[in-house]
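Just below is one structure, and these are the notes that go with it.
The values are calculated or read from the model by the stated rules, or taken from the named source; none is laboratory data. Being a predicted model, the structure only gives us computed values, none of them experimental. Cβ coordinates were reconstructed from backbone atoms using ideal geometry, including for glycine residues, and neighbour counts include every protein chain displayed.
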Amino acid sequence: SHGGLEEAAGRIGRTEGVVSRATVERFESPYGGSWELASAEPCSPLRPFFGTYGGYIETSSAITRRLEMPFPRAALILGFGEEISVSPTGEEADLAPGHTGFLAGLSRGPALVESNGSQAGVQVNLTPLGAYHIFGVPMSEITNQVVKLDDLLGPTGRELIERLREAVSWDERFDLLDALFSRALAANSPPTEAIAWAWREIAREPGRVSIRQLANEVGWSHKHLIERFRSEVVLAPKVAGRLVRFDRAVQAISPGTRPHWSDIAVAAGYYDQAHMSREFREFARCTPMELWRRRLDDGGIYGGEIEELSR
């Protein structure tokens, strides 16, 4: 069930957005053509459940291939351009074929995202609690999977895609999402407060938080906290913390100047560089250096043959 989303979609009007709400950047695509990225924070009530909205328009004459690393969020893709194909690079995932809109569940391995070169849409990253709270879908049902927007929302999803396509600016698109998700949030029951608090603590200090201490704080047994956490977040608390830490390290790897690996490791919460490298082999299926070589100027990760890049 997706709670108030269908009702909300029928009542969305154009809202008054902040002037120049969206930050827009443009890059040259490594595949030829151009890449436009727009970003904006969701409205305040949504921020505990959503990350930054990310809009994109890519024009290229070639097939594009990008790697998506596992991270502690569910990714909602609302595409209004060419179809996107998502496939695992490991053995674990069970991902659907080409489509424009989908919700990608949590994964412990990377995925390869391919398009015919021209794509446009908005990516909305939800915390595991946010995905359950907004869509009413237990994250355990979509772990290592991609759910098509039609299966998730039915006609509501198709209407949303059309409204995003017809919008004349990124501000208008982001305002539309604020209105839709705010109404859905109000219509559904909130997540368990103890689990929401535990998630915030784990995300704040990944790898450094004692799960037993969290259990004591909320007055539960260690076993009960883990069971409840897995039921709402899917991952065990310790694994969730590892994914948060891994994501911090991935985000710290910038294109260009060779990174200082020991500094990145410590800042992300690893014991040392060797500890970080072990986690990269498990989650990224590559070394930190290999990921850096694939890092693109727009922040993406190149998914083609590494020899095709200049560095």
Counting only residues in the range 189-206 that are in a helix (DSSP H, G or I) and not small (Gly, Ala, Ser), the one farthest from VAL239 (Cα to Cα) is identified as GLU193
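Regarding the range 68-75, can at least one residue be identified that is over 20 Å from PHE246 (Cα atoms) and either at pLDDT below 85 or not hydroxyl-bearing (Ser, Thr, Tyr) (or both)? Spell out the reasoning first.
First, the residues of the range 68-75 that are over 20 Å from PHE246 (Cα atoms): none.
There is no residue in the range 68-75 that is over 20 Å from PHE246 (Cα atoms) and either at pLDDT below 85 or not hydroxyl-bearing (Ser, Thr, Tyr) (or both).
Would you check if PHE181 is in the same structural domain as PHE80 (by TED's automatic domain parsing) and either at pLDDT 90 or above or in contact with a strand residue (DSSP E or B) (Cβ under 7 Å, 6 or more places away or on another chain) (or both)?
Values: in the same structural domain as PHE80 (by TED's automatic domain parsing): yes; either at pLDDT 90 or above or in contact with a strand residue (DSSP E or B) (Cβ under 7 Å, 6 or more places away or on another chain) (or both): yes.
So PHE181 passes the test.
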Given the condition among the β-branched types (Val, Ile, Thr) and either at pLDDT below 85 or within 22 Å of VAL244 (Cα to Cα) (or both), answer yes or no: does some residue in the range 39-59 qualify?
yes
Is it the case that LEU235 is surrounded by 19 or more Cβ atoms within 10 Å (Cβ to Cβ) and modelled with pLDDT of 90 or more?
no
LEU235 passes all but one of (1) under 19 Å from the mean Cα position of the chain (by Cα); (2) without any contact (Cβ under 8 Å) to a residue 40 or more places away in the chain; (3) not in a helix (DSSP H, G or I); which number fails?
(2)
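Among the helices (runs of 4 or more DSSP H) contained in the range 127-188, which hold 3 or more residues that are over 18 Å from the mean Cα position of the chain (by Cα) and of a type outside the set (A, V, I, L, M, F, W, C)?
Details: elements: 128-135, 149-153, 155-166, 170-187.
Where helices (runs of 4 or more DSSP H) fall fully within the range 127-188 and carry at least 3 residues being over 18 Å from the mean Cα position of the chain (by Cα) and of a type outside the set (A, V, I, L, M, F, W, C), they are 155-166, 170-187.
Test VAL209 against the criterion of being in a loop (DSSP other than H, G, I, E, B) and free of Cβ contacts under 8 Å to residues at least 60 places away in the same chain, and give yes or no. Break it down stepwise before answering.
Values: in a loop (DSSP other than H, G, I, E, B): yes; free of Cβ contacts under 8 Å to residues at least 60 places away in the same chain: yes.
Yes; evaluated as a whole, the condition is true for this residue.
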Condition first: farther than 19 Å from GLY79 by Cβ and in contact (Cβ under 8 Å) with a residue 40 or more places away in the chain. Now tell me which residues in the range 138-170 satisfy that.
PRO138, MET139, SER140, THR143, ASN144
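Mind listing whichever residues of the range 76-112 are of a type in the set (Val, Ile, Thr) and modelled with pLDDT of 85 or more? Reasoning before the result, please.
Here is the first cut: in the range 76-112, the residues of a type in the set (Val, Ile, Thr) are 77, 84, 86, 89, 100.
Passing the criteria: only ILE77.
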Hey, could you check the range 157-201 for residues that are under 19 Å from TYR53 (Cα atoms) and of a type in the set (Val, Ile, Thr) and say which is surrounded by the most Cβ atoms within 10 Å (Cβ to Cβ)?
ILE161
